[in-house]
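Written below as C-alpha cells is the structure these notes are about.
The values are calculated or read from the model by the stated rules, or taken from the named source; none is laboratory data. Please read these numbers as outputs of a predicted model, since none were measured by experiment. Here Cβ is always computed from backbone atoms with ideal geometry, including for glycine, and neighbour counts include all displayed protein chains.
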Amino acid sequence: MKIKLLKFIVLAIPLVVSGCLDHRLVTDPGQLRQETIATNLAAPLGMAMDDKGQIWITEVAAGKVSVMTPNGTIYPVITGFSVSVSPEGTPDGLNHLAYRDGILYILHGVDDKLYKANVGAFKPGDPPLTVGQLESEPIGQFVLDYQFADDTGESNLYNLTFTPDGDMYIADAAANAIIRRTKTGTLSVFATLPGIPNPTPVGPPISQAVPTGIAFDGQNFFVTTLVGFPFPVGKARIYQVDMTGTVSVFQDGLTSLVDVVLAGDKRPIVLSVAEFGAQGPTPNTGKVYSVSGGQATTQLQQLNLPTSIISGVPNTYYINSLAGGTIQKVTF
C-alpha cells in the first residue's frame, strides 16, 4: 500500500475541524504574537514564500495552488490537479511546493510527478492556469524503478529544497530516500534513511523513517521524519546529511515531525503534526520545536494538525492547519 502522509495525518478525523487556537509559546508566553491570516482553505498542506512576500499554497482537497498576497487576499493560480479520495473520504494528491526565480516546483504524491509552473509574470487576479499547461517530470517513476537495498516498491514525492547551485533535493516519504535532481534534470538517489525498531507490540517489527521535511544550511541537510505505523511518541528524528550523502542522527526523542525551516542562525525549527493514539492523531497536539546544542525546546504547542512551516522576516513564521483550513502568522 502506498504510504500517503495526508492519510496518516487525518486518518478518521474530518478535514474541517474547528480546533483550539489557544496556541501557547512555552518558552516565553509574553513574547508570542499570533494572527490568523487565512481561513476556509481546502486542506492546505504546503506553503512557499516568494521575494514579494506572497505565500503560495497547495490546497489538496480542491486540487489547486493558490497565492496569498501580503494584504491577505487569496487568488487561485493553478487548478485541475488530480485528487484521490479514499473510502474514508480523505483527499490526497498535492504535497509541498517551492518557489525559485519565478518558477513554482510542485510535488504531487498521486501522479508521482514534479510539476513546474512559470508564475514570474502572474499577477493576482489573472485567470488561473490549468495543470495541463504545466511541464512535468515523472520523478516517482525513477524512484519506483530504482533497486533500493530495502525497497518499499513505493514513491511519495513529499517535500523539496534547493542548494545554491540550483540542484533540487526531494524527500520521498514512501521510499525513505532523498532524491537529487541536478539543474540539468539528472536524477540520482542521494541518501536513504533507516527505519527504527518498533517499540510497541502493534505493527511491524521495523517502523519506516518516512522523511517529511528537508532544509539546507549551506553545508548539510536537515531531514525530519514522521516514523511510520504505529507512529510512536518520542521516536521521530532529525537526520543530518552531508554533501556526500552520509546520514547521521542530529536530534532524536521527538514526535511525528512533518517539516523543517532554518532560523536566522541556521538552527532547525521543526514541526510536529500530532501525537497519535488508538483513534489516530489527537487534535491540538501539534508543536513547534527549536533545536540547538543537542536540545529540543518547545516553542509553540496546541496546534491543530499542522503540516507546513515557513519563515518570513526575522522571528516570524507561518504555520498552516490542515484540519482547520487556516494559516497563522506567529512571531516569537
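Here are the numbers for this structure:
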quantity: Residue, modelled with the highest pLDDT, within the stretch 206-238, restricted to residues that are hydroxyl-bearing (Ser, Thr, Tyr) and within 18 Å of ASP150 (Cα to Cα); calculated: THR225
quantity: Strands (runs of 3 or more DSSP E) completely within the stretch 163-265 that count 1 or more residues being within 26 Å of TYR317 (Cα to Cα), out of contact with any Lys or Arg (no Cβ under 6 Å at 6 or more places or on another chain) and among the polar types (S, T, N, Q); calculated: 211-216, 220-225, 236-242, 247-254
quantity: Candidate set: the stretch 214-228, residues that are under 20 Å from LEU254 (Cα atoms) and either among the small types (Gly, Ala, Ser) or in contact (Cβ under 8 Å) with a residue 60 or more places away in the chain (or both); chosen: the one surrounded by the most Cβ atoms within 10 Å (Cβ to Cβ); calculated: LEU226
quantity: Residue match in the stretch 223-242 (condition: of a type in the set (Phe, Trp, Tyr) and touching a Gly at 6+ places or on another chain (Cβ under 8 Å)); calculated: yes
quantity: Condition met for GLN299 (outside any loop (DSSP other than H, G, I, E, B) and either among the acidic types (Asp, Glu) or at pLDDT below 95 (or both)); calculated: yes
quantity: All positions within the stretch 28-62 that are in contact (Cβ under 8 Å) with a residue 40 or more places away in the chain, part of a strand (DSSP E or B) and touching a Pro at 6+ places or on another chain (Cβ under 6 Å); calculated: ILE57
quantity: Output for the stretch 226-271, where each listed residue is touching a Ser or Thr at 6+ places or on another chain (Cβ under 6 Å) and among the aliphatic types (A, V, I, L, M); calculated: LEU226, VAL227, VAL233, ALA236, ILE238, LEU257, VAL258, VAL260, VAL261, ILE269, VAL270
quantity: Within the stretch 192-213, tally of residues that are surrounded by 19 or more Cβ atoms within 10 Å (Cβ to Cβ), of a type in the set (Gly, Ala, Ser) and under 23 Å from TYR169 (Cα atoms); calculated: 2
quantity: Single unsatisfied condition, VAL189 versus (1) closer than 19 Å to SER248 by Cα; (2) more than 19 Å from the chain's Cα centre (by Cα); (3) surrounded by fewer than 16 Cβ atoms within 10 Å (Cβ to Cβ); (4) not polar (S, T, N, Q); calculated: (3)
quantity: Enumeration of residues in the stretch 111-133 that are under 17 Å from GLY93 (Cβ atoms) and crowded, with 18+ Cβ neighbours inside 10 Å; calculated: ASP111, ASP112, LYS113, LEU114, TYR115, ALA117, LEU129, VAL131
quantity: Scope the stretch 139-162; condition within 20 Å of the chain's Cα centre (by Cα) and either of a type outside the set (Ser, Thr, Tyr) or in a loop (DSSP other than H, G, I, E, B) (or both); matching residues; calculated: ILE139, GLY140, VAL143, GLU154, SER155, ASN156, LEU157, ASN159, LEU160, PHE162
quantity: Among residues of the stretch 66-103, those that are in contact with a strand residue (DSSP E or B) (Cβ under 7 Å, 6 or more places away or on another chain), β-branched (Val, Ile, Thr) and farther than 14 Å from ALA38 by Cβ, counted; calculated: 6
quantity: First in the stretch 124-139 and at pLDDT 95 or above, second anywhere and of a type in the set (Gly, Ala, Ser), Cβ under 6 Å, 6 or more apart; calculated: THR130/GLY80; VAL131/GLY80; LEU134/ALA117
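Residues checked against (1) surrounded by fewer than 18 Cβ atoms within 10 Å (Cβ to Cβ); (2) of a type outside the set (Lys, Arg); (3) modelled with pLDDT of 95 or more; (4) within 18 Å of LYS113 (Cα to Cα):
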residue	(1), (2), (3), (4)
ILE3	no, yes, no, yes
LEU15	no, yes, no, no
ARG33	yes, no, no, no
THR39	yes, yes, yes, no
ALA42	no, yes, yes, no
THR58	no, yes, yes, yes
THR79	yes, yes, yes, yes
